[in-house]
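Read the structure below first, then the notes.
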Amino acid sequence: MAYSVDRRIGIISLGCDKNRVDSEKLAGLLAGSGFQIVWLEDPEPMNLKALIINTCGFIQSAKGESVNTILDAVELKAEGYYQSLYVMGCLVERYKQILPEEIPEVDGWFGPEAFLDVLKTLGGRCDKKPERILSSPQHYAYLKVSEGCNRKCAFCAIPLMRGKFRSKPIEEIVEEANNLSRQGVKELVLVAQDMSMYGADLYGKPALAELALKLSELQEIDWIRFHYLYPRPFPFDLVELMHPSKSKVVPYIDMPVQHGSDEMLKRMRRATSRQYLLDIIKKMRDINPDIVFRTTFIVGFPGETDKHFEELLSFIELTRPERMGVFPYSHEEDTYAYKHFKDDVPEEVKEVRATEAMTLYSKLVSQWMKTQIGKKVPVIIDSVTSDYAMGHSWWESPDVDPSVLLPPDVNLYTGQLIEATLTGFDSLDWFAERA
């Protein structure tokens, strides 16, 4: 079908994968009204009825990216490439009083979940329940299971933008997952601001294991992966399911712990302690030695001294995460930390500490990767070229973790699940051969 400019809508989705789910939901609504969706990574000089930018407002770098993207789009609109420019998402929710005054060239501002308002503004209508239009490769998709967060972490602005915690019913999630499987999705990556509390508001207690078992019944789904677990309460019943004989949940724990110093954890209002974290990480590895542990840390939080940072480094050495990220602290207005603490760690110190922590991690993860050479692992193929095939094992989450690289093979195709033998690694990527 050929589309005129009056039916072409460009969408740029910035920030996290939860934002991506929102963008894909909006795309489904628009497509259901006869619009053609054009996924863009940056503003481009493309003739469109409208460009929609779904923004992030989490930390300074993400806010800067969002604002710069809007300003670039404003210039292209002035040159006649877009009939209209609309901005939605977390940045809008956080700065809805300021942005329309500062950037009046934008034709409309919408909050994170104002999908129907955007549709109405564009002249569309919703006659039936739409299916998401995926922006990711067709063989995996993100699936949001809840929205909002009730935690009181000192550094975090998410509750300001996304509101109170609220779960989606299991039946609704399974229905969406089933629709995704009919589109060719093989791997579900479940996301939430606070995955550990999923279901507590609906069922009186967290229900991750129950959700995992229901999703495992979907025949076309090969893998289920959970992101953003909070350490308390820790879902040990989910860990028990991370075996092919019990469910389709891969042995992969993504749990940001943020620091390894008791004093810093207390100042961050994380409701955990160093020993508590060490204990649950040890227990989850005891339950399932195949688990890969992914985590993130914040360095340079107000009051962090050299001693606190050394405690963080020792925590990394003790826990040896297989996947890890480190972020310099961002002093975000209206958060508890912004109101109560001075941002007293210089930016250059934050950067040095982040680099030092990642250098330690690189050394530790290389030691782990050496022990895995020769093992056979399941791999989903993400792309195939004439030079090589690229995929990820159950140890790597798509988009955020390293890849598995295989020699070119005419019998490999995107979305295929194979068994591969690990033969080596370069930096953090694996080399492998089909078993």
Filter the stretch 402-418 down to the residues that are closer than 20 Å to VAL185 by Cα and under 26 Å from the mean Cα position of the chain (by Cα), then identify the one that is surrounded by the most Cβ atoms within 10 Å (Cβ to Cβ). VAL404
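Would you check if LYS164 is closer than 24 Å to LEU265 by Cβ and surrounded by fewer than 16 Cβ atoms within 10 Å (Cβ to Cβ)? Write out each step before concluding.
Numbers: closer than 24 Å to LEU265 by Cβ: yes; surrounded by fewer than 16 Cβ atoms within 10 Å (Cβ to Cβ): yes.
Spelling it out, LYS164 is indeed closer than 24 Å to LEU265 by Cβ and surrounded by fewer than 16 Cβ atoms within 10 Å (Cβ to Cβ).
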Among (1) in contact with a helix residue (DSSP H, G or I) (Cβ under 8 Å, 6 or more places away or on another chain); (2) assigned to a helix (DSSP H, G or I), which single condition is VAL352 missing? (1)
So the check is Cβ under 6 Å with 6+ separation or different chains; which pairs have a first residue in the stretch 118-132 that's within 15 Å of ARG8 (Cβ to Cβ) and a second one that's assigned to a loop (DSSP other than H, G, I, E, B)? GLY124/SER33
Taking the conditions exactly as written (under 30 Å from GLU311 (Cα atoms) and either in contact (Cβ under 8 Å) with a residue 24 or more places away in the chain or surrounded by 19 or more Cβ atoms within 10 Å (Cβ to Cβ) (or both)), does GLN258 satisfy them or not? yes
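Say we look at the stretch 186-203 and pick out the residues that are among the charged types (D, E, K, R) and within 16 Å of CYS149 (Cβ to Cβ); which of these is surrounded by the most Cβ atoms within 10 Å (Cβ to Cβ)?
ASP194
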Which listed residue, of TYR82, TYR86, TYR95, is farther than 18 Å from SER136 by Cβ, in contact (Cβ under 8 Å) with a residue 60 or more places away in the chain, hydroxyl-bearing (Ser, Thr, Tyr) and in contact with a helix residue (DSSP H, G or I) (Cβ under 9 Å, 6 or more places away or on another chain): TYR82
Kindly evaluate LYS342 against the criterion of being more than 30 Å from TYR95 (Cα to Cα) and either touching a residue at least 12 places away in the same chain (Cβ under 8 Å) or not in a strand (DSSP E or B) (or both). no
Can you tell me which residue among MET390, MET369 is touching a residue at least 60 places away in the same chain (Cβ under 8 Å) and surrounded by 14 or more Cβ atoms within 10 Å (Cβ to Cβ)? MET369
Can you name the condition, by its number, that TRP368 falls short on among (1) outside any strand (DSSP E or B); (2) of a type outside the set (S, T, N, Q); (3) over 18 Å from ILE316 (Cβ atoms)? (3)
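Give the residues of the stretch 292-307 that are crowded, with 19+ Cβ neighbours inside 10 Å, without any contact (Cβ under 8 Å) to a residue 60 or more places away in the chain and touching a helix residue (DSSP H, G or I) at 6+ places or on another chain (Cβ under 7 Å), sorted by residue number.
PHE293, VAL299, GLY300, PRO302, GLU304
Look through VAL106, VAL92 and report the one residue that is surrounded by 15 or more Cβ atoms within 10 Å (Cβ to Cβ), of a type in the set (A, V, I, L, M, F, W, C) and closer than 22 Å to THR335 by Cα.
Values: VAL106 fails: closer than 22 Å to THR335 by Cα.
Exactly one residue qualifies, and that residue is VAL92.
Every residue in the stretch 352-366 that is in contact with an Asp or Glu (Cβ under 9 Å, 6 or more places away or on another chain) and either modelled with pLDDT under 95 or not charged (D, E, K, R) (or both), please. Working first, answer last.
Just the residues of the stretch 352-366 that are in contact with an Asp or Glu (Cβ under 9 Å, 6 or more places away or on another chain), to begin with: 353, 360, 364-365.
Within the stretch 352-366, LEU360, LEU364, VAL365 qualify.
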If you go through the stretch 56-63 one residue at a time, do you hit one that is at pLDDT below 95, among the aromatic types (Phe, Trp, Tyr) and either buried (at least 22 other Cβ atoms within 10 Å of the Cβ) or more than 21 Å from LEU134 (Cα to Cα) (or both)? yes
Applying the selection to the stretch 19-33, what residues are closer than 20 Å to ASP6 by Cα, touching a Pro at 6+ places or on another chain (Cβ under 8 Å) and crowded, with 18+ Cβ neighbours inside 10 Å? GLY28, LEU29, GLY32
Qualifying strands (runs of 3 or more DSSP E) (wholly inside the stretch 1-120; at least 1 residues being hydroxyl-bearing (Ser, Thr, Tyr)): 8-13, 48-55, 82-89
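The values are calculated or read from the model by the stated rules, or taken from the named source; none is laboratory data. As the structure is a computational prediction, the values presented were derived from the model and not from experiment. Quick reminder, even Gly has a Cβ in these numbers, built from the backbone with ideal geometry, and neighbours come from all protein chains shown.
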